[in-house]
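Novice: My questions all concern the structure below.
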Amino acid sequence: MGYSIAIDGPAGAGKSTIAKKVAKELAFIYVDTGAMYRAMGLYCLREQIRPEDEAAVCRAVKDVDIQIVYRDKEQSVLLNKEDVTGLLRTEEVGSMASAISIYPDVRRKLVALQQELAKKVDVVMDGRDIGTCVLPDAPVKIYLTAGSAERAKRRCQELRSQGREADIREIEADIIARDERDMNREASPLRKAQDAVEIDSSHMGIEEVAEQVIQLYKERRG
């Protein structure tokens, strides 16, 4: 049975950055659950399925094959055997992923895959419902958050560093809309697990946040 560290929180809080760093430091496998939902979102965009068409989305999820594979401890996401890792970080894909993740059939399929992974290896897993739904027995649970303005600023910097245009007002509006959807969806809403430790990263650096998580892991594991 693997050892699990669960990191939850809203869009743009830095979950993936922290989870990757912690996993590297501890020699754990990093599992980006959001990338799996983004792969499903990409499939729906390619098939021109509207996010509000629940029946079409749920039919698609039966046909789609999403896998996570590791090459030199780096995660790649396969969509129907195609490596789509480099296509998943656009705002369009992120918005579609958030919109379709409210459907129970989508969540059931991807949660089952995530749980299977965690049984086999030591993992750091980040997402919206890891500590509350996917890995409720994880010994270490973190709820990582930050103000919407700070999250928008970070996302802007990330996009501009990739040479892409970014409007901070549009990005913040999208982040707030995602928070609303994630916190109010019927299936596994975003919320802090009762036994999770909350970290507000608004005024903290990556090293400082990662060190807090690693320290908590060391204390729990003894």
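Here, each number is a calculation from the coordinates, and none is a lab measurement. Remember, predicted model here, so these are calculated numbers, not experimental data. Methodologically, a virtual Cβ is constructed for each residue, glycine included, from the backbone with ideal geometry; neighbour enumeration extends over all protein chains shown.
Novice: Filter region 64-89 for residues that are in contact with a helix residue (DSSP H, G or I) (Cβ under 7 Å, 6 or more places away or on another chain) and not in a strand (DSSP E or B); which is nearest to residue 110 (Cα to Cα)?
Specialist: 64
For (1) touching a Phe, Trp or Tyr at 6+ places or on another chain (Cβ under 7 Å); (2) closer than 29 Å to residue 202 by Cα, each residue gets a yes or a no:
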| residue | (1), (2) |
| --- | --- |
| 33 | no, yes |
| 45 | no, no |
| 65 | no, no |
| 89 | no, yes |
| 100 | no, yes |
| 117 | no, no |
| 123 | yes, yes |
| 128 | no, yes |
| 145 | no, yes |
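Novice: Now for a different question. Looking only at region 25-61, filter to residues that are charged (D, E, K, R) and touching a residue at least 40 places away in the same chain (Cβ under 8 Å); which one of those is surrounded by the fewest Cβ atoms within 10 Å (Cβ to Cβ)?
Specialist: Only one residue tops the list, namely 52.
Novice: Pull out all pairs, ordered by first then second residue, where Cβ-Cβ is under 8 Å, the residues are six or more apart or on different chains, the first lies in region 114-143 and is under 16 Å from residue 188 (Cα atoms) and without any contact (Cβ under 8 Å) to a residue 40 or more places away in the chain, and the second is in a helix (DSSP H, G or I) and of a type in the set (A, V, I, L, M, F, W, C).
Specialist: Correct list of pairs: 115/134.
Novice: Restricting region 155-184 to residues that are over 16 Å from the mean Cα position of the chain (by Cα) and of a type in the set (Lys, Arg), which is farthest from residue 144 (Cα to Cα)?
Specialist: Once the filter is applied, the top-ranked residue is 164.
Novice: Residues that are in contact with a Lys or Arg (Cβ under 7 Å, 6 or more places away or on another chain): find the helices (runs of 4 or more DSSP H) completely inside region 1-63 holding 1 or more of those.
Specialist: Values: elements: 15-26, 33-46, 54-63.
Helices (runs of 4 or more DSSP H) meeting the threshold: 54-63.
Novice: What single numbered condition from (1) within 30 Å of residue 220 (Cα to Cα); (2) small (Gly, Ala, Ser); (3) under 14 Å from the mean Cα position of the chain (by Cα) fails to hold for residue 97?
Specialist: Residue 97 satisfies all of (1) within 30 Å of residue 220 (Cα to Cα); (2) small (Gly, Ala, Ser); (3) under 14 Å from the mean Cα position of the chain (by Cα) except (1).
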